[in-house]
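Written below as structure tokens is the structure these notes are about.
The values are calculated or read from the model by the stated rules, or taken from the named source; none is laboratory data. For clarity, every value in this text was computed on a predicted model and none was experimentally measured. Positions of Cβ are backbone-derived with ideal geometry, glycine not excepted, and every protein chain shown enters the neighbour counts. These area figures cover heavy atoms from the full protein model, side chains too; ligands, DNA and RNA do not enter into them. Shrake-Rupley method; radii C 1.70, N 1.55, O 1.52, S 1.80 Å.
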Amino acid sequence: MPKQIADEDIFHVTMRLFVERGYAGATTRQIAEEAEINEVTLFRKFSSKAELVAAAVAHEVGRIAEEDFPYTGDVEADLLQIVSGYRGAVSRYGEFLPVLLAEIPRHPELRPVLQAPFRVLTAIGRVLERYQEAGILRPEPPLQAVSGLLGPVMVLTMMGGADPDLALPSPEPEAIVAAFLHGRLETGSERREDRRIP
């Protein structure tokens, strides 16, 4: 009886080899060998390497649901939940995204891979936009605000992944949210009790 391999195991191998060797270097033969399946079986499941990478990313991003980023009216609590959830996601595959972004200009067939992460960033942007509309956060393009909120987590994770010996601070959600709010709270919303919408 042939060995049954979970798609999750294939996805894990795919993303790890992608980070280690790049898109061209992570061959389907190597992925199949490390996942302990036949390359033909791999192509039966996924018609191309680009489709396999897209499925791997969609699976990982699928762990993050829009419900993970609710709008409750408490801006600080909501932002803490967003940053904590995002930090958990990038701790698993934080090195993958920078490699993907570097590979897309050389391999345009990878562009659809960005759709799943973009949906998550857009959902987070909608939460920030609601706080802007409520007059709690200063207006700015929602995705720019998302970059300001999540950028420290991404940068610290990327650098830590590139060189584990670097003396980097841990991306602590409370400090990141406090720094984000310091520059973006609307005048009159400075006190904690004013950050909750009735």
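Counting the residues of segment 84-115 that are closer than 22 Å to L156 by Cα, buried (at least 16 other Cβ atoms within 10 Å of the Cβ) and either in contact with a strand residue (DSSP E or B) (Cβ under 9 Å, 6 or more places away or on another chain) or not basic (K, R) (or both) gives 15.
When segment 42-55 is limited to residues that are surrounded by fewer than 16 Cβ atoms within 10 Å (Cβ to Cβ) and not small (G, A, S), the one that is modelled with the highest pLDDT turns out to be E51. Summed over segment 137-162, residues that are open to solvent by less than 70 Å² (accessible area, probe 1.4 Å) and either acidic (D, E) or in contact with an Asp or Glu (Cβ under 6 Å, 6 or more places away or on another chain) (or both) total 3. Within segment 56-83, the set of residues being modelled with pLDDT of 90 or more and either assigned to a loop (DSSP other than H, G, I, E, B) or open to solvent by 30 Å² or more (accessible area, probe 1.4 Å) (or both) comprises Y71, T72, G73, D74, E76, A77, L80, Q81.
Annotation note: of D68, D74, the sole residue that is touching a strand residue (DSSP E or B) at 6+ places or on another chain (Cβ under 7 Å) and farther than 19 Å from V155 by Cβ is D74.
When you scan segment 118-128, how many residues do you find that are out of contact with any Leu (no Cβ under 7 Å at 6 or more places or on another chain) and crowded, with 18+ Cβ neighbours inside 10 Å? Final tally of qualifying residues: 3. If the condition is being open to solvent by less than 30 Å² (accessible area, probe 1.4 Å) and within 25 Å of the chain's Cα centre (by Cα), then segment 26-41 contributes A26, T28, I31, A35. Using the structure shown, decide if A24 is modelled with pLDDT under 90, within 18 Å of E103 (Cα to Cα) and in a helix (DSSP H, G or I). The answer is no for A24.
Kindly evaluate A134 against the criterion of being surrounded by fewer than 20 Cβ atoms within 10 Å (Cβ to Cβ), over 24 Å from A26 (Cα atoms) and touching a residue at least 40 places away in the same chain (Cβ under 8 Å). Spelling it out, A134 is indeed surrounded by fewer than 20 Cβ atoms within 10 Å (Cβ to Cβ), over 24 Å from A26 (Cα atoms) and touching a residue at least 40 places away in the same chain (Cβ under 8 Å). In the set (1) open to solvent by less than 90 Å² (accessible area, probe 1.4 Å); (2) modelled with pLDDT under 80; (3) more than 27 Å from A54 (Cα to Cα); (4) of a type outside the set (S, T, N, Q), A178 fails one condition alone, (2). Taken over segment 27-55, the residue count meeting the criterion of being assigned to a loop (DSSP other than H, G, I, E, B) and either under 18 Å from R92 (Cβ atoms) or of a type outside the set (S, T, N, Q) (or both) is 3. Is at least one residue of segment 94-104 within 10 Å of the chain's Cα centre (by Cα) and free of Cβ contacts under 8 Å to residues at least 40 places away in the same chain? No, the conditions are met nowhere in segment 94-104.
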